[in-house]
Amino acid sequence: MKPSFFNVGGLPRCVAATALVLGALLCAPHADALELPRARSVPGGVALVDLGPALVAPQASVEGVPVLVSGRPGGWTAVVGIPLEAEPGERQLEVRREGAPLERVRFAVTPVRYAEQRLKVAPGKVDLSAQDLARHERERVRSAEVIATWSAVAPETLRMQPPVPGRRSGSFGLRRVFNDQPRKPHSGMDIAAPTGTPVVAPAAGRVIDTGDYFFNGHTVWLDHGNGLLSMYCHLSRIDVKVGEVVATGTRIGAVGATGRVTGPHLHWSVMLNRSMVDPALFLADRGG
Ligand code: ZN
């Protein structure tokens, strides 16, 4: 039998066509695949889990939460945020491929020891009054809704610009002790800058929340797509409105000292699959 486009080596027509299309896609250059964040498979880090080739992007989730999958038919990667409170060891990704049963892909989370930081702040910001506690509770409910945002649009980039110039502290993950009381670890990057310094979107996105929060002060949340979110806190002013679409470099506000702070700085958090991860992993250079 003479091979042709629709009849390769005696294969049924549809199988042969699929094989040819898949072959062409697998051999295609991957120049336009997004550059991935740096991998650091620790609590508060990002695991890059190879999902192999597939014509259609596989869907992945971790403990029921959808996970960002990036790549091309030649090779897909799950970009998984690991919560700061995760125990080191093995974690599981649930992967659904078109026409295939649910698959479990394991990946390892290695231990990390973050430094401890002791801070003195106004007593009212640690021992909350009944009124402040009630406010914080309401804000937590609202934050949980924001954090659960999943938009189907894929991010334009997985590499970000610093949202403000300035000295970037390597403070992500610090185990913080406020006035001798242990609190949640620091889940973002602090960048020291004077009040009024413009804060810009480090990547394209949509504004999904703005507000004045008890701990975080004036805050902006951006949705970059597929569960990649970012948050900007302690702002002196907010220059965007909910629903606005921003390009990389668009001014979203200015550095300030609102909320629970010891001085003016930007607190920047990056969230993947509802887990705060180290923003430094998304910067082109290594950060501070
Ligand atoms: Zn901070």
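The values are calculated or read from the model by the stated rules, or taken from the named source; none is laboratory data. Note that this is a predicted model, so its numbers are computed, not measured. Heads up, the Cβs are rebuilt from the backbone with ideal geometry, glycines too, and the neighbour counts pull from every protein chain shown. With ligands, DNA and RNA removed, areas are computed over all heavy atoms of the protein, side chains included. Shrake-Rupley method; radii C 1.70, N 1.55, O 1.52, S 1.80 Å.
Determine, yes or no, whether Ala204 is under 17 Å from the mean Cα position of the chain (by Cα) and small (Gly, Ala, Ser). Break it down into steps so the answer makes sense when it comes.
Details: under 17 Å from the mean Cα position of the chain (by Cα): yes; small (Gly, Ala, Ser): yes.
Criteria met by Ala204.
Take Arg118 and decide whether it is open to solvent by 30 Å² or more (accessible area, probe 1.4 Å), farther than 19 Å from Val270 by Cα, without any contact (Cβ under 8 Å) to a residue 40 or more places away in the chain and among the basic types (Lys, Arg).
Judged against the criteria, Arg118 is not a match.
Need at least 1 residues that are within 19 Å of Ala154 (Cα to Cα) per element, so show me which strands (runs of 3 or more DSSP E) inside the stretch 228-288 make the cut, counting only ones lying wholly within it.
228-235, 265-272, 275-277
What number goes with the only condition from (1) more than 30 Å from Val67 (Cβ to Cβ); (2) within 12 Å of the ligand (Cβ to nearest atom) that Asp180 does not pass?
With respect to (1) more than 30 Å from Val67 (Cβ to Cβ); (2) within 12 Å of the ligand (Cβ to nearest atom), Asp180 is out only on (2).
Kindly provide the set of residues from the stretch 65-87 that are farther than 25 Å from Arg113 by Cα and out of contact with any strand residue (DSSP E or B) (no Cβ under 8 Å at 6 or more places or on another chain), ordered by number.
Val65, Arg72, Pro73, Gly74 - these are the residues of the stretch 65-87 that are farther than 25 Å from Arg113 by Cα and out of contact with any strand residue (DSSP E or B) (no Cβ under 8 Å at 6 or more places or on another chain).
Residues of the stretch 138-159 being farther than 23 Å from Pro37 by Cβ and either open to solvent by 90 Å² or more (accessible area, probe 1.4 Å) or not in a helix (DSSP H, G or I) (or both), which ones?
Of everything in the stretch 138-159, those that are farther than 23 Å from Pro37 by Cβ and either open to solvent by 90 Å² or more (accessible area, probe 1.4 Å) or not in a helix (DSSP H, G or I) (or both) turn out to be Arg138, Arg140, Arg142, Glu145.
Restricting the stretch 98-114 to residues that are open to solvent by 60 Å² or more (accessible area, probe 1.4 Å) and not in a strand (DSSP E or B), which is nearest to Leu36 (Cα to Cα)?
Here is the first cut: in the stretch 98-114, the residues open to solvent by 60 Å² or more (accessible area, probe 1.4 Å) are 98-99, 101-104, 106, 108, 110-111, 113.
From the residues that got through so far, the ones that are not in a strand (DSSP E or B) too are 98-99, 101-102, 110-111, 113.
Numbers: Glu98: 24, Gly99: 27, Pro101: 27, Leu102: 25, Thr110: 20, Pro111: 22, Arg113: 25 Å.
Filtering first and then ranking leaves Thr110.
Do you know which residues across the stretch 234-275 are buried (at least 21 other Cβ atoms within 10 Å of the Cβ), more than 16 Å from the ligand (Cβ to nearest atom) and on the phi > 0 side of the Ramachandran plot?
Result: Asn273, single match.
Please determine whether any residue of the stretch 276-283 is over 24 Å from Arg38 (Cβ atoms), out of contact with any Pro (no Cβ under 6 Å at 6 or more places or on another chain), open to solvent by 10 Å² or more (accessible area, probe 1.4 Å) and at pLDDT 95 or above.
There is no residue in the stretch 276-283 that is over 24 Å from Arg38 (Cβ atoms), out of contact with any Pro (no Cβ under 6 Å at 6 or more places or on another chain), open to solvent by 10 Å² or more (accessible area, probe 1.4 Å) and at pLDDT 95 or above.
For Gly81, work out the one condition from (1) without any contact (Cβ under 8 Å) to a residue 24 or more places away in the chain; (2) within 19 Å of the chain's Cα centre (by Cα) it doesn't fulfil.
(1)
Go through Val270, Val242, Val255, Val277 for me and flag whichever is of a type in the set (Val, Ile, Thr) and in contact with a helix residue (DSSP H, G or I) (Cβ under 9 Å, 6 or more places away or on another chain).
Val270
Among the residues of the stretch 124-137, which ones are in a helix (DSSP H, G or I) and open to solvent by 90 Å² or more (accessible area, probe 1.4 Å)?
If the condition is that a residue be in a helix (DSSP H, G or I) and open to solvent by 90 Å² or more (accessible area, probe 1.4 Å), then Gln131, Leu133 are the ones that fit.
Does Ile208 meet the test of being modelled with pLDDT of 95 or more, assigned to a strand (DSSP E or B), aliphatic (A, V, I, L, M) and surrounded by fewer than 21 Cβ atoms within 10 Å (Cβ to Cβ)?
Yes; evaluated as a whole, the condition is true for this residue.
Please specify each residue of the stretch 183-201 satisfying the condition of being away from the ligand (no atom under 16 Å from the Cβ) and either open to solvent by 40 Å² or more (accessible area, probe 1.4 Å) or assigned to a loop (DSSP other than H, G, I, E, B) (or both).
Within the stretch 183-201, Pro194, Gly196, Pro198, Ala201 qualify.
Taking Glu90 as the residue in question, decide whether it is more than 30 Å from Ala204 (Cβ to Cβ) and surrounded by fewer than 15 Cβ atoms within 10 Å (Cβ to Cβ). Walk me through it before giving the result.
Values: more than 30 Å from Ala204 (Cβ to Cβ): yes; surrounded by fewer than 15 Cβ atoms within 10 Å (Cβ to Cβ): yes.
Here the answer is yes, as Glu90 does meet what is asked.
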